[in-house]
Amino acid sequence: MVLNVAVVSAERELWTGEAKQVIARTTVGEIGILTGHEPVLGILAPGESRITATDGTVVTARVEDGFLSVQGDTVTIVAGTAELV
Amino acid sequence: MGAQLRVYRQKIRSAQTTKKITRAMELIAASRIQKALQRVSASAPYARAVTRAVSAVATYSNVGHVLTTEPEKIHRAAVVVFTSDRGLAGAFNANVLRASEELTMLLTEQGREVVHYVVGRRGVSYFNFRKRTPERAWIGDTDTPSFATAQEIGEEIVSRFVQSSAEGGVDEIHIVYNRFVSMLTQEPEVVRLLPLEVVEGVDAPGDAEVFPLYEFEPEPEKVLDALLPVYIESRIFNALLQSAASKQAATQKAMKSASDNADKLIRDYTRLANNARQAEITQQISEIVGGADALGSAK
């Protein structure tokens, strides 16, 4: 089981791929997502989201504003302004 | 060389120079359309994700939101017009401005006061020329619009919308922009942006999709609070991008017909010039022949 992760900003899709784990910062605190997580819709606080891809590399995305949605094993990090670090 | 002939030659040269310019502009526009279209499609995943999230929250929270509540009486309406900064794009700006004028008329007839927001230098000069100062204008960012501009516009109109109409706020907001249909067709599109009508499931891809029971972080109301302005921004950004792509397509079309017209002018004037040259030669011959005859008969 893997997570299907997409990081999209208003201008373009920054990253898509399969991942083991996603850690993001919502306005109420950090949230870690593994497969089988319950559906979540959370507002992101400015900060970094870390995605651990299936091959073990860590993708870090700096997010200005936006939200995170988890549904099934699909995670979408949506931000107006974001960049990969 | 006769005077007539010289005039024609001059006109041919002038048409040739014009043609070189319009041809170059046509080629530039053609290459920019592709880039503009790529930006439109690159922003699609974002718009989809935002729309999905909004419909998901709207489905699961029965909270009324200020951005979705229909006001009892609409006193004032705002119209946001998306034009371009530069002209030479055929009917591009005329079309969108006409659509906005029609909308303004309609709203005025319904007894609403109409205020305008304008994007693009052409729209600004249109309004200034008619001594109707727009409420606010954004210029210089229509060729490759940035998301920051969309955010600025979004913030401005949302803040204006949440003001009460007694304090000068507006009760509804419309946007008018050129939608890119194809390379040959761009249609002015009029959309009422606010108050929002969140139609559950209709906007979402894969229509009759059932949303899972989301856990909201923080509460659903807060999430909706944060999401709706984002949704507005993404709609405005889409309008900006569509308008930019349409502008390039309109420019290409206008410049193509300008080049074709120049070709036609060159052809016509070349015919006339040939005619004039031949007439000149004929006249010279008849003068020589006439002169020789006169000399011959004088003997």
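Values quoted throughout were computed directly from the atomic coordinates according to the rules given, and no laboratory measurement underlies them. If you're wondering where the values come from, they're calculated on a predicted model, not measured in any experiment. Here the Cβ positions follow ideal geometry from the backbone for every residue, glycine too, while neighbour counts run over all protein chains shown.
Is the shape of the range B:11-155 rounded, prolate or oblate, going by the alpha carbon gyration tensor and its root eigenvalues a ≥ b ≥ c, with a/c under 1.5 for rounded and a/b larger than b/c for prolate? It is oblate, given that a/c is not under 1.5 and a/b is not larger than b/c.
Counting neighbouring Cβ atoms within 10 Å and putting the fewest first, the residues A:MET1, B:MET25, B:MET255 line up as A:MET1, B:MET25, B:MET255. Placing unit charges on the Cβ atoms of the charged side chains and taking the dipole of chain B about its Cα centre, the candidate lying farthest along the positive direction among B:ALA91, B:THR104, B:SER165 is B:ALA91. Computed from the Cβ-Cβ distance with R0 of 25 Å, the FRET efficiency linking A:ALA45 to B:LYS73 stands at 0.05. Note on A:GLU83 and B:ALA24: with the Förster distance fixed at 35 Å, the Cβ-Cβ geometry gives a FRET efficiency of about 0.45. Efficiency by 1/(1 + (r/R0)^6): what FRET value for B:VAL289 and B:VAL7, r their Cβ-Cβ distance, R0 = 30 Å, to the nearest 0.05? Efficiency for this residue pair is about 0.65.
Peptide A:23-30 shows a mean partner chain C-beta count of 2 within 10 Å per residue C-beta.
Only the Cβ atoms of Lys and Arg (+1) and of Asp and Glu (-1) were treated as charged; on that basis the dipole of chain B about its Cα centre amounts to roughly 2660 debye.
Here's how it looks for A:LEU14: its modeled amide H is under 5 Å from those of A:VAL7, A:VAL8, A:SER9, which are all 5 or more places away or on a different chain.
Site pair B:ARG98 and B:GLN38 shows an inter-label distance of 3.4 nm when each label is modelled 7 Å from Cα along Cα→Cβ. Summing +1 for each Lys or Arg and -1 for each Asp or Glu, what net charge is found among the other residues whose Cβ lies under 12 Å from the Cβ of A:THR27? Net of charged neighbours comes to -3. Extension gain, B:GLU167-B:GLN278: 0.36 nm per intervening residue step, less the Cα-Cα distance, totals 32.2 nm. Other residues whose C-beta falls under 12 angstrom from the C-beta of B:ARG6 contribute a net charge of +3, scoring Lys and Arg +1 and Asp and Glu -1.
Backbone geometry of the range B:148-153 corresponds, through the Karplus equation with coefficients 6.51, -1.76 and 1.60 at θ = phi - 60°, to 3J(HN,Hα) couplings of 4, 5, 4, 5, 4, 4 Hz, x marking Gly and Pro.
Lysine pair count for the protein assembly as shown with Cα-Cα distance under 30 Å and sequence separation of 8 or more or different chains is 26. Taking every residue in B:43-54 and counting other chain Cβ atoms within 10 Å of its Cβ, the average works out to 6.
Computed extension gain for B:GLN110 through B:VAL181, at 0.36 nm per residue and net of the alpha carbon distance, reaches 22.5 nm. Proximity of backbone amide H atoms, modeled 1.01 Å from N, is registered between B:THR142 and B:ASP85 at under 5 Å, excluding neighbours fewer than 5 places apart on the same chain.
Projected label points at B:SER159 and B:ARG86, each 7 Å from Cα along the beta carbon direction, are separated by 3.2 nanometres. Seen from A:THR52, the other residues with C-beta closer than 15 Å to its C-beta sum to a net charge of -3, counting Lys and Arg as +1 and Asp and Glu as -1.
Judged by the ratio a/c of the largest to the smallest principal axis of the C-alpha gyration tensor, the range B:28-254 counts as oblate, that ratio being 1.5 or greater while a/b is no larger than b/c. Under the Karplus relation 6.51 cos²θ - 1.76 cosθ + 1.60, θ = phi - 60°, what is the ordered set of whole-Hz ³J(HN,Hα) values for the range A:30-44, x standing for Gly and Pro? Couplings: 6, 10, x, 10, 10, 5, x, 6, 6, x, 9, 10, x, 8, 8 Hz.
Projecting the Cα positions of A:GLY80, A:VAL40, A:THR57 onto the charge dipole of chain A (unit charges on Cβ atoms of Lys, Arg, Asp and Glu, taken about the Cα centre) puts A:THR57 furthest along the positive direction. The Cα center of the range B:224-299 and the Cα center of the range B:48-124 differ in position by 38 Å.
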